[in-house]
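The values are calculated or read from the model by the stated rules, or taken from the named source; none is laboratory data. Just so we're clear, the structure is a prediction, and the values are computed from it rather than from any experiment. With ideal geometry, Cβ positions are generated from the backbone for all residues, glycine too; neighbour counts draw on all protein chains shown. We work out accessible area using only protein heavy atoms, side chains counted, and drop any ligands, DNA or RNA first. Shrake-Rupley method; radii C 1.70, N 1.55, O 1.52, S 1.80 Å.
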Amino acid sequence: MYELTNLTKTYETKRGTVSALNNVSLSIPTGQMVAIQGPTGGGKSTLLQMLGALERPTSGTVALSENLLSGMPDARLADIRARTIGFVFQGFNLIPTLTAQENVETALAPLGLSRTERRRRATEALDTVGLSERLAHHPAELSGGQQQRVAIARALVKEPSVLLADEPTGNLDEQTRDEIMDLLEGLWRDQGLTLIIVTHDSAVAKRAERRLHLKHGAVSEKKEHGTARRNTAQR
Ligand SMILES: Nc1ncnc2c1ncn2[C@@H]1O[C@H](COP(=O)(O)OP(=O)(O)OP(=O)(O)O)[C@@H](O)[C@H]1O
Ligand SMILES: [Mg+2]
């Protein structure tokens, strides 16, 4: 599904050049559940932004299925993001002036659906994450775990084939963390998602099929296998 080849990302700052990713080559098959760990500043969010076509590499290539993202015009990238890739950001990035329902609907804006269809799908996505009682609440009226669920519903409402989640359980208590992970793992199992999670939490990473470690912009594989299992009949 993803094929990364000699991927490099550097940022030019006033204090000089910062290297965030350094010659990363990596394949991620369709339907895999991957955890990415590593020290702060190691390049995890940068890598996720490359996978989500939110940023372009400095050199090297990113291919998603048959699409070479790194060479694509902005308009086509926006279209692929809108249809194929769900993103849960580090921090929730909800719009404070919109209700939960409206926040989720924003993800459908580029898809040209009717207002009724947008409402129906947003309601359904919020129901899936267990928030049907909170549709009309604004983010400030929701707990951290509930806001995180809204962010997940917003990423999933377009029925993406890839879900990229940057610290989806950061700042949550252990029980809420486990509930969010049960939810993500269930969606991964039932909907055939490719699920890529950045986390500092080993309890979260342990659940993934595959664990990657990112340090100083270089990626390595961890040996341990996770606990997540897909129903083999569905594979
Ligand atoms: N927009 C930017 N401009 C300049 N430097 C950046 C930018 N974004 C990231 N960096 C630098 O790139 C490196 C990797 O950052 P990145 O955000 O990918 O780390 P991370 O692994 O996600 O860290 P954390 O665990 O703290 O979220 C860091 O040294 C960071 O300072
Ligand atoms: Mg980060």
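Observations on the model:
- Any chance PRO29 is under 27 Å from VAL204 (Cα atoms), at pLDDT 90 or above, exposed (fewer than 15 other Cβ atoms within 10 Å of the Cβ) and away from ligand 1 (no atom under 16 Å from the Cβ): yes
- Residue, farthest from ligand 2 (Cβ to nearest atom), within segment 1-53, restricted to residues that are farther than 14 Å from VAL162 by Cα and in a loop (DSSP other than H, G, I, E, B): LYS14
- Across segment 32-43, the number of residues qualifying as open to solvent by 10 Å² or more (accessible area, probe 1.4 Å) and more than 10 Å from LYS215 (Cβ to Cβ) comes to 2.
- Subset of segment 61-75 [free of Cβ contacts under 8 Å to residues at least 60 places away in the same chain and either surrounded by 13 or more Cβ atoms within 10 Å (Cβ to Cβ) or touching a Cys at 6+ places or on another chain (Cβ under 6 Å) (or both)]: THR61, ASN67, LEU69, SER70, MET72
- Number of residues in segment 54-72 that are within 16 Å of ligand 1 (Cβ to nearest atom), over 16 Å from the mean Cα position of the chain (by Cα) and in a loop (DSSP other than H, G, I, E, B): the value is 3.
- Of all residues making up segment 116-134, the number that are open to solvent by 40 Å² or more (accessible area, probe 1.4 Å) and not in a helix (DSSP H, G or I): 1
- Matching residues in segment 106-142 - criterion: being within 21 Å of ILE180 (Cα to Cα) and in contact (Cβ under 8 Å) with a residue 40 or more places away in the chain: ALA107, THR128, VAL129, GLY130, HIS138, PRO139, ALA140, LEU142
Every residue, every condition in (1) away from ligand 1 (no atom under 16 Å from the Cβ); (2) in contact with a Leu (Cβ under 6 Å, 6 or more places away or on another chain); (3) open to solvent by 10 Å² or more (accessible area, probe 1.4 Å), yes or no:
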{"residue": "LEU164", "(1), (2), (3)": "no, yes, no"}
{"residue": "THR176", "(1), (2), (3)": "yes, no, yes"}
{"residue": "GLU179", "(1), (2), (3)": "yes, no, yes"}
{"residue": "GLY192", "(1), (2), (3)": "yes, no, yes"}
{"residue": "ILE197", "(1), (2), (3)": "no, no, no"}
{"residue": "HIS200", "(1), (2), (3)": "no, no, yes"}
{"residue": "ALA203", "(1), (2), (3)": "yes, no, yes"}
{"residue": "LYS206", "(1), (2), (3)": "yes, no, yes"}
{"residue": "ARG210", "(1), (2), (3)": "yes, no, yes"}
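- Identity of the residue in segment 77-91, open to solvent by 50 Å² or more (accessible area, probe 1.4 Å) and modelled with pLDDT under 90, that ends up nearest to ligand 1 (Cβ to nearest atom): GLN90
- The residue of segment 94-105 that is surrounded by the most Cβ atoms within 10 Å (Cβ to Cβ), among those that are at pLDDT 95 or above and within 14 Å of ALA155 (Cβ to Cβ), is VAL104.
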